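The block underneath contains the structure these notes are about, expressed in structure tokens.
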């Protein structure tokens, strides 16, 4: 009998009525012949409430170990309630807290990493005909303290559990129907993908298509866990995230993602000598400021050059502040900052074996008069930075250009 | 340096502001030279909310083990927040969940009994200069599952911790200033007792003066833990609950308690033969109906007698229903039920060595024209049942008669 891990997020279990709906759904899965293990998040809104209490009472530099104790209480409520709802409709069930499974993590409180899930007790529960209901997002550190995995950590819990149990599939129930070729709120012709590869999903996840948390996709790829993203409200198949070998007819481009969380900084007239980049980016890295795209123009006079790069929008003020302090040392004439840019990316494993993908992108944008401010590429992705005002225009044009429009 | 366990209930930590107030109070205790271990409840209202969710989703016969998982989440929030509030004002602190201490209980989910608290980890925390903040009300069963101790269980947690650590005192912070000679809302001249014995406190606790949970008093008596009941809002000494030997000038009567949770049932004309009482009270005991006072009148005709007893008011309808079913079998003429009675008790260890205490009671009530419907006594307590309408009159008259009125 196939074993499936099902994970339900906060909106899927936001109140008692929805918890009952989830229980009903689990019962139907069992009646269809599947053995089920569950992973759940806290009720929508609960975690934010708890986090705000922690910040208010503990200040900005609070003890992350105590943060974890407070925040992990949210899942404790939902696993108990879901187990009760299942029992009520005749499905034997039992809750497991992170420390009970146990879900072993490192000691990185607030964003701990899962080291292992001991499968014995959960497996015994399943083999006894019960449905184990595991608290997502939480684990136990080597010191025996409560840890949490950071935002979206329940996805990681679910994939790790599927790997530990050798499950045939990990279903991630969410409030969207699956992974789309682009954001359907902007691109009306976007359609749901039946399948997408781990690599593509990774690029999409890290680019703002917030369907699955990046770490969970990486973990699924590492352990070969087949993941399905699907809606907890509609009873239809979602998108399967699988190995490339499982996808027969591969599109060149699978999707067009975008991220508004970008800000561009240009250092005008930086001395063009070795070590300048290290001088600039070393302190930013030390301050945990993530630098994404970096473009250095060719030096015209052989002495100075312009350097453009992007950071997260919320880091913009802090970054320019740090750079102003270094300006003389860098011999830099001027610092330009622009918080109104967007990063648009075309993603597809098919582009590895196909020339001309970048050309299509540049031509399409040029035809619409959209100026490209920076470019970065990976094996399966091309990202460009443009003026935020052109976001919708660019997404729709590219969606059509790559043949993704729904029939 | 003296070690004191301090327990703060739900109203004392009902919001972030009050949690900060508690933290400040703990800091002052430390500065006054005390070493502190803390026990806290959930925020006022939280537990009720969680219990109602469990009932709504799980129905009346839900799994008590899952009930415990859900309900124990309340203390998890407050221990973390209080630890953070302490750290914020420079007091090193660390939270402990029931399973972390561990607080070992039996497997009686929903009202588990504490078997032992392993003091090693908490003691190490204290010796390292930190304040341990233990979640009250919860523990871990031999099967490794979360348990809760039932209503008022945090008092028991605190006393058990004080016993385990060999603490000099266990301070129970609450929303009253201590134990009073009677209910101050009724008896304006009631005053706070400086000291009261375990035995007296036990009688008061079980008689509706809901300051301390009965089990916690019994546990304190068993282990000789000195308990102080005091207000978390006023900075004044409360009432010390101690062994009789610690009380120098013992009053004959320490307090006058009352309980409105009483209902009287009279079986008129029951056959006066051996085994009748067993026939009546056996089935009630099986149905978990607690029978308190029992009065059997002397048989006038040698064949039938009247039997009066009391049950909790909420059990009245169920009890009379059961008795009606047995009426023929009992040969009973009539069943009278009265839900409008109150039990008034005078309590004092001094009455063991003093004659005339009961006489004072009966005379005082007779002078006010108050009819006594039933009497029961213990070594240190006399309880009488009267018409509920006379509650206030009786309490005030007795308070004066026993010389308890504040100067």
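Results, tabulated for the structure shown:
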quantity: Burial ranking of peptide ranges A:280-290, B:117-127 (average Cβ count within 10 Å, highest at the top); calculated: B:117-127, A:280-290
quantity: Mean projected area in nm² (Cα convex hull; one quarter of hull surface) for segment B:33-134; calculated: 7.3
quantity: In degrees, nearest ten, helix A:46-58 long axis to first principal axis of chain A (Cα); calculated: 70
quantity: Listed residues B:277, B:85, B:163, most fluctuating in chain B (Gaussian network, C-alpha, under 10 Å); calculated: B:277
quantity: Exam field: residue B:194 pseudo-label spacings to other copies (7 Å along Cα-Cβ), nanometres; calculated: 8.7
quantity: Hydrodynamic radius of segment B:163-233 per Kirkwood, over alpha carbon pairs, in Å; calculated: 12.7
quantity: Globularity index of segment B:263-338, i.e. its alpha-carbon radius of gyration over 2.2 N^0.38 Å; calculated: 1.00
quantity: Inter-label distance for residue B:244 and residue B:324, nm, one decimal - labels placed 7 Å from Cα along Cα-to-Cβ; calculated: 4.7
quantity: Nm distances between copies for residue B:376, ranked from closest, using label points 7 Å along Cα→Cβ; calculated: 7.8
quantity: Relative contact order (percent, whole number), chain A, Cα cutoff 8 Å, 6+ residue spacing; calculated: 13
quantity: Two-site FRET efficiency, residue B:368 against residue B:233, from Cβ-Cβ distance with R₀ of 35 Å, rounded to 0.05; calculated: 0.45
quantity: Ranked A:236, A:140, A:13, A:186, criterion: other C-beta atoms within 10 Å, fewest first; calculated: A:236, A:186, A:140, A:13
quantity: Rel. contact order, % - alpha carbon contacts under 8 angstrom, at least six apart, segment A:256-401; calculated: 30
quantity: Packing-based order for B:35-48, A:351-364, using average beta carbon neighbours within 10 Å, highest first; calculated: B:35-48, A:351-364
quantity: Theoretical ellipticity at 222 nm over the protein assembly as shown - DSSP helices of four or more residues, -39500 (n - 2.57) apiece, nearest 500; calculated: -10500 deg cm²/dmol
quantity: Cα-Cα P(r), segment A:256-401, percent of pairs per 10 Å interval; calculated: 11, 38, 31, 18, 2
quantity: Percentage relative contact order, segment A:365-407, counting C-alpha pairs under 8 Å, at least six apart; calculated: 33
quantity: Quotient of Cα Rg and 2.2 N^0.38 Å for chain B, N being how many residues it contains; calculated: 1.09
quantity: Separation of alpha-carbon centers, segment A:335-407 and segment B:226-247, rounded to whole Å; calculated: 73
quantity: Over segment A:3-175, volume per residue of the alpha carbon convex hull, in Å³; calculated: 95
quantity: For residue B:128, label point 7 Å along C-beta direction: distances to other copies, nm; calculated: 3.4
quantity: Proxy reagent accessibility, fewest Cβ within 10 Å first, across B:233, A:96, B:173, A:8; calculated: B:233, B:173, A:96, A:8
quantity: Closest Cβ on chain A to the rotation axis that carries it onto B (distance rounded to whole Å); calculated: A:73, 2
quantity: Shielding of B:67-79 by partner chains, average beta-carbon count, 10 Å; calculated: 6
quantity: Residue exposure sequence - A:315, B:338 - by fewest surrounding Cβ within 10 Å; calculated: B:338, A:315
quantity: Pairwise centroid distance, computed over Cα atoms, of segment A:8-60 with segment B:94-127, Å; calculated: 28
quantity: Kirkwood Rh, angstrom, the protein assembly as shown [1 / mean 1/r, Cα pairs]; calculated: 31.4
quantity: Alpha-carbon centroids, segment B:154-195 and segment A:268-320: separation in whole Å; calculated: 65
quantity: Label-point separation, residue A:298 to residue B:188 (7 Å along Cα→Cβ), nm; calculated: 9.9
quantity: Considering only chain A, percent of DSSP beta bridges that pair antiparallel, nearest 5; calculated: 60
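A short reminder: the numbers here are calculations on the coordinates, not readings from a lab. On a predicted model such as this, the values are computed, not experimentally measured, just so you know. Note that each Cβ is placed from the backbone with ideal geometry, even for glycine, and that neighbours are counted across all protein chains shown.
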